[in-house]
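See below for the structure under consideration.
Derivation of every value follows stated rules applied to the coordinates shown; laboratory data play no part. Here the structure is a predicted model, which means the values were calculated and not measured. Ideal geometry is used to build each Cβ from the backbone, glycine not excepted, and the neighbour counts take in all protein chains shown.
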Amino acid sequence: MDLLAMAIAYSQKIRIRALELIGNGVSVSQVSRAFKISRPTLYRWKEQRDKTGSTAPLKSQPPAQKCVIKDWNKFKELEKSQPGQNSKRISSTVGECQPSYN
């Protein structure tokens, strides 16, 4: 994996200090260079703080769950009887949703 593409987790202290400096009149570019943090990251932190009141990292979302069809015969029957429905919606009625580990 390319090291430049990896995200860096910044501490809460660094986030707060960087935004304090910006709030005290230091330019975003100067703070960006001093802390080696990209300008878009600093703007994102500022926007997040303005919206949520916090600069804490946002919790990641769990991966989407796949619906596993348990009864293929019933699925095929429903598919024929409900031609306007998509397969995903039908599978949710004849299967069970669970995380996939493939």
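Full extension of the chain between Gln61 and Glu77 yields a length gain of 2.3 nm, computed as 0.36 nm times the residue separation minus the alpha carbon distance. Each residue of segment 26-32 was assigned a 3J(HN,Hα) from its phi angle through the Karplus expression (A = 6.51, B = -1.76, C = 1.60, θ = phi - 60°), giving 6, 5, 4, 4, 5, 5, 4 Hz with x at Gly and Pro.
Taking the number of Cβ atoms within 10 Å of each Cβ as an exposure proxy, the fewest-first ranking of Ile22, Ile14 is Ile14, Ile22.
Listing Thr52, Thr41 from fewest to most neighbouring C-beta atoms within 10 Å gives Thr52, Thr41.
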